[in-house]
Amino acid sequence: MSWFNNLKIGAKITAGFIVLLALLTTLGIVASFNLRALHKSDTELYERNLVPIGEIAHVAISFQRIRVNLRDATIDLQMSDKIERKDRIKELDAIIYGELKKFEKTIKDNEVRQEFEALNASMTSFSSQKEKILALALVNKNLEAVKYMRGDALVAAQAIDKSIGKLIDRKTKLAKQRADNNTVAAN
């Protein structure tokens, strides 16, 4: 270190600035990599957890609208109104299955996968009941249609509601975990 002591003051200050500059550059590079990792994690949080919650919410809304249209098909007196309900149910089915396809692409968690499969099984069960209800409503056998609505269709509908709730809860929990991990990484 005697060589350092022998340097002129200008050289010592310059050397100090060079060391400081090297440290700050290293710190900046490390911070940049950490910010990129945090950005990637936040993007995954949005794409894998938050967007799917919206998709499954669209499924829930469309499903309830199907149930309303089924009920109304049994109440409507005009055949044209019943047919209009049937067409609307077909449109809502397309929305549901489109949203379910998008949701399925985001599944990475086994619990979510299992509940998604349970939801699909319940949707299949409800779909066959829905077709029976519509067929009866279209031939004005409204009391029989209501019987189906309050029987197996209701059981399937309750299972669907339960699965949707579980999927939203699980995706929310996974989002919270990722957000907590991002907070730890940021600090």
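Counting residues in segment 105-117 that are closer than 30 Å to residue 34 by Cα and among the hydrophobic types (A, V, I, L, M, F, W, C) gives one or more.
Examine segment 141-152 for a residue that is among the acidic types (Asp, Glu) and in contact (Cβ under 8 Å) with a residue 40 or more places away in the chain, and state whether such a residue exists. Checking segment 141-152: not a single residue is among the acidic types (Asp, Glu) and in contact (Cβ under 8 Å) with a residue 40 or more places away in the chain. Out of everything in segment 28-43 that is exposed (fewer than 14 other Cβ atoms within 10 Å of the Cβ) and at pLDDT below 80, what residue ends up being farthest from residue 113 (Cα to Cα)? Per the criteria, the residue is 31.
When 32, 41 are screened for being in contact with a Lys or Arg (Cβ under 7 Å, 6 or more places away or on another chain) and small (Gly, Ala, Ser), only 41 passes.
Is segment 143-151 home to any residue that is β-branched (Val, Ile, Thr), surrounded by 15 or more Cβ atoms within 10 Å (Cβ to Cβ) and in contact with a helix residue (DSSP H, G or I) (Cβ under 8 Å, 6 or more places away or on another chain)? Walk me through how you get there before you give the answer.
Here is the first cut: in segment 143-151, the residues β-branched (Val, Ile, Thr) are 146.
Of the ones still in play, those that are also surrounded by 15 or more Cβ atoms within 10 Å (Cβ to Cβ) are 146.
Add one more test, that the residue is in contact with a helix residue (DSSP H, G or I) (Cβ under 8 Å, 6 or more places away or on another chain), and what stays is 146.
Looking through segment 143-151, at least one residue is β-branched (Val, Ile, Thr), surrounded by 15 or more Cβ atoms within 10 Å (Cβ to Cβ) and in contact with a helix residue (DSSP H, G or I) (Cβ under 8 Å, 6 or more places away or on another chain).
Every condition in (1) part of a helix (DSSP H, G or I); (2) within 30 Å of residue 45 (Cβ to Cβ); (3) without any contact (Cβ under 8 Å) to a residue 60 or more places away in the chain is met by residue 131 except one, and the failing one is (2).
Selection of segment 172-187 for residues being modelled with pLDDT under 80 and within 18 Å of residue 55 (Cβ to Cβ) yields an empty set.
Within segment 152-163, can you find the residues that are crowded, with 19+ Cβ neighbours inside 10 Å and under 19 Å from the mean Cα position of the chain (by Cα)? Result: 160, 163. Meeting the requirement of 1 or more residues that are among the hydroxyl-bearing types (Ser, Thr, Tyr), touching a helix residue (DSSP H, G or I) at 6+ places or on another chain (Cβ under 8 Å) and over 30 Å from residue 128 (Cβ atoms), the helices (runs of 4 or more DSSP H) wholly within segment 1-112 are 9-45.
The values are calculated or read from the model by the stated rules, or taken from the named source; none is laboratory data. Given the structure is predicted, the values throughout are model-derived calculations rather than measurements. Glycine also receives a Cβ, built like all others from the backbone with ideal geometry; neighbour counts cover every protein chain displayed.
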